[in-house]
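Everything below concerns the one structure shown next.
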Amino acid sequence: MSDLNTASNLEKILKAGHIGVTSECGPPRGSDPEEVKRKGLLIKDYVDAVNVTDNQTAMTRMSSLAACVHLKLMGIEPVLQMVTRDRNRVALQSDILGAASFDIPNMLCLSGDHQSFGDCAQGQNVHDLDSMQLVQTVRYMRDKGKFLGGDDIKRPPKIFVGAAANPFADPFEIRVPRLAKKIASGAEFIQTQCIYNLDKFKEWVKRAADRGLTEKAFIMAGMTPMKSVGMAKYMKNRVPGMDVPDELIERMAGVPKDKQAQEGIDICVEHIQELKEVSGVSGFHIMAIEWEEKVPEIVERSGLYPRPEA
């Protein structure tokens, strides 16, 4: 892991050996920044950085870069998410420089959901680079101070570089080798898919640790609280690469409808408390989508508040 960067609070927290905490906010489907600011204020003091999604589910939204700038101006450290679906290597490098010009210190490199899921199904995907090549690109621009074409960059970006991982997609046997490729490409932190099957996740972390991968990158476990048994069933049956055990669905179904949201919060807190003790887990990425007001409760009850100073 590089010691080059000093701008990222998230990087400092993780390198100091503290449990890192990030959360997420989706930009609005309009140009009013107040929604981003409102979400940011809800979670500001409870996390080390806030991911800003990049046209998630291929729905057209305010750009992640612009939303990151709004958060940064409020004193909230952003994690810029960038997908390779919509940009070629010229545009990707250009946006990396744009982020660096505002000293946005973190970036998560992703492929992006297929455009058929979104509001522009006829749109052409680009994928000039894939997510691993995007990781390599950011590291090359940062560490070598050069564009992909070979020219020098005036004031190279200083960005802490992350990637995503799904421990649950089939086949399970390739999950750790795929993680190894992302880390070999230059990923310094990893944020995972939502975790509900703790045993399978622990096995994935153990295999990663056995290969020395948890020493090379910080693993941040993805946590999404369930709002209802309907959401739990939907995640299990309709969302590819999601592993929701039947006992969790039965537990959610065993409480009255008006208590299910709180039960979902309780389960999330219990899972964080259990995974805090797992060797190789460096932090948590709490994805309470359109439920940001619950992040403070989750962080507090999980014993992750107050946040340490970098």
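Quick notes on this one:
- Ranked from largest, the principal axis spans of the Cα set of the stretch 86-163 equal 38, 23, 20 Å.
- Angle of helix 198-210 to the longest C-alpha principal axis of the chain, folded into 0 to 90 degrees and rounded to 10: 40°.
- Positive end of the dipole of the stretch 46-109 (Cβ unit charges, origin at the Cα centre): among Asn55, Ile76, Ile96, the Cα lying farthest that way belongs to Asn55.
- In this structure the amide hydrogen of Tyr196, modeled in the peptide plane, comes within under 5 Å of the amide hydrogens of Asp243, none closer than 5 places in sequence on its chain.
- Given charges at beta-carbon only (K, R positive; D, E negative), |dipole| of the chain in Debye: 640 debye
- Extending 7 Å from the Cα toward the beta-carbon at both Ser116 and Asp199 defines two label points whose distance is 3.5 nm.
- Amide H contacts of Asn51 (H built 1.01 Å from N, in plane; Pro and chain starts excluded): Ser23, Glu24, Cys25, Val79 sit under 5 Å, all sequence-distant by 5 or more or on other chains.
- What you get for the stretch 189-310, charging only the Cβ of Lys and Arg (+1) and of Asp and Glu (-1), is a dipole of about 360 debye around the Cα centre.
- Here the 3J(HN,Hα) profile of the stretch 294-310, calculated from phi with Karplus coefficients 6.51, -1.76 and 1.60 at θ = phi - 60°, is 8, 4, x, 4, 4, 5, 4, 5, 7, x, 10, 10, x, 6, x, 6, 5 Hz, Gly and Pro shown as x.
- Evaluating 6.51 cos²θ - 1.76 cosθ + 1.60 at θ = phi - 60° for every residue in the stretch 13-26, the Karplus couplings come out as 4, 5, 5, 7, x, 7, 6, x, 9, 10, 9, 8, 9, x Hz, glycine and proline recorded as x.
- A viscosity of 1.002 mPa s and a temperature of 20 °C, combined with the Kirkwood radius over Cα pairs in Stokes-Einstein, give a translational diffusion coefficient for the stretch 151-310 of 127 µm²/s.
- About its Cα centre, the stretch 76-196 has a charge dipole of approximately 400 debye under the convention of +1 per Lys or Arg Cβ and -1 per Asp or Glu Cβ, with nothing else charged.
- Annotation note: trypsin sites (Lys or Arg not before Pro) in the stretch 76-172 located in DSSP loop regions with a Cβ neighbour count of at most 14 within 10 Å are Lys144, Lys154.
- Compared with the dominant principal axis of the Cα atoms in the chain, helix 89-101 is inclined by about 80°.
- Applied to the stretch 241-246, the Karplus parametrisation 6.51 cos²θ - 1.76 cosθ + 1.60 on θ = phi - 60° returns per-residue 3J(HN,Hα) values of x, 10, 10, 10, x, 4 Hz, with x for Gly and Pro.
- Residue with peak Gaussian network fluctuation, the chain [Cα springs, cutoff 10 Å], from Pro225, Pro256, Pro156: Pro256
- C-alpha center-to-center spacing [the stretch 237-257, the stretch 31-107] in angstrom: 31 Å
- Restricting the trypsin sites (Lys or Arg not before Pro) of the stretch 250-310 to loop positions (DSSP other than H, G, I, E, B) with no more than 15 neighbouring Cβ atoms within 10 Å leaves Lys276.
Read-outs throughout are calculated quantities, based only on the coordinates presented, and are distinct from any laboratory measurement. If you're wondering where the values come from, they're calculated on a predicted model, not measured in any experiment. When we count neighbours, we look across all protein chains shown, and the Cβ atoms used for this are built from the backbone with ideal geometry, even at glycine.
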